[in-house]
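Chemist: Sharing a structure, written as structure tokens. Questions coming.
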Amino acid sequence: MSKTIALLLVAFSLSAAAQDNRQVTSTGDLVGCWSKVDFTDQAKSKINEIDYREARYQVFCFEPDGTLRTVDSTIPIQGKSAELRAAFAELPKVIAYQVTQPGIVVLVRKDPNQTTGWVSTFTQRDMQFDGKSIPKDTLTMGLIDVAKQRAVHWRYLVKIPE
């Protein structure tokens with residue numbers, strides 16, 4: 001894993017730092033639950049170079065201990081962050097996360113064994129895209145392709161209130 005992290009650091013230290021958005025700098029920035037913004041297929045094809053095969057609706061709950069739990073659904077997932085975190089607490093701990101440097105979040109999945117790096121920032125203003133309101137402080141996560149030295153798939157995640 002350390003070799004992967006080293007490659008990520010080299011490949012993206014300059015590009016992540018150059019972004020206008022505020023970078024994720026610590027695990028504390030992420031703690032809580034986040035709901036993925038559901039863009040149309042047409043919009044996804046404009047912002048994503050690859051199809052990462054994600055569910056239409058997803059919730060990502062980042063825990064203070066470095067555990068990430070995700071739930072996928074075909075319908076919107078309802079609830080406040082505290083309720084969702086309590087409900088998801090029974091799910092196995094198969095994904096760990098860490099902020100390896102400002103703007104880079106590494107996810108390590110145990111089963112199957114997979115490590116991915118994500119350029120991770122917060123939007124600094126409200127915006128509109130694909131007919132959706134993207135509020136300030138939306139978490140943007142771009143999947144890093146080390147060979148291409150760029151992000152090839154994007155998630156926009158809105159914080160779910162406690």
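The values are calculated or read from the model by the stated rules, or taken from the named source; none is laboratory data. Here the structure is a predicted model, which means the values were calculated and not measured. As a convention, Cβ positions derive from the backbone with ideal geometry for all residues, glycine included, and neighbour counts pool all protein chains shown.
Chemist: Can you report the number of residues in the range 44-72 which are modelled with pLDDT of 95 or more and of a type in the set (Gly, Ala, Ser)?
Modeler: 1
Chemist: Within the range 104-136, count every residue that is in contact with a Lys or Arg (Cβ under 7 Å, 6 or more places away or on another chain) and either closer than 22 Å to Asp72 by Cα or among the acidic types (Asp, Glu) (or both).
Modeler: So the answer is 1.
Chemist: So Asn113 ticks every box in (1) modelled with pLDDT of 95 or more; (2) over 22 Å from Pro161 (Cα atoms) but one. Which box is left unticked?
Modeler: With respect to (1) modelled with pLDDT of 95 or more; (2) over 22 Å from Pro161 (Cα atoms), Asn113 is out only on (1).
Chemist: Take the residues in the range 68-124 that are of a type in the set (D, E, K, R) and free of Cβ contacts under 8 Å to residues at least 40 places away in the same chain, then tell me which one is farthest from Asn21 (Cα to Cα).
Modeler: Glu90
Chemist: Restricting to the range 83-115, and then to whatever is among the β-branched types (Val, Ile, Thr) and surrounded by fewer than 19 Cβ atoms within 10 Å (Cβ to Cβ), can you tell me which residue is nearest to Asn48 (Cα to Cα)?
Modeler: Among residues in the range 83-115 that are among the β-branched types (Val, Ile, Thr) and surrounded by fewer than 19 Cβ atoms within 10 Å (Cβ to Cβ), the one nearest to Asn48 (Cα to Cα) is Thr115.
Chemist: For the range 52-147, please list each of the strands (runs of 3 or more DSSP E) lying entirely inside it that holds at least 2 residues being under 16 Å from the mean Cα position of the chain (by Cα).
Modeler: The strands (runs of 3 or more DSSP E) meeting that bar are 57-62, 67-73, 95-101, 104-109, 114-122, 139-145.
Chemist: Next question, about the same structure. Which of (1) more than 16 Å from Ile144 (Cβ to Cβ); (2) out of contact with any strand residue (DSSP E or B) (no Cβ under 8 Å at 6 or more places or on another chain); (3) modelled with pLDDT of 95 or more is the odd one out, the single condition Gln101 does not satisfy?
Modeler: Of everything listed in (1) more than 16 Å from Ile144 (Cβ to Cβ); (2) out of contact with any strand residue (DSSP E or B) (no Cβ under 8 Å at 6 or more places or on another chain); (3) modelled with pLDDT of 95 or more, Gln101 misses just condition (1).
Chemist: Taking the range 145-160 on its own, how many of its residues are buried (at least 20 other Cβ atoms within 10 Å of the Cβ) and touching a helix residue (DSSP H, G or I) at 6+ places or on another chain (Cβ under 6 Å)?
Modeler: Of the residues in that region, 1 qualify.
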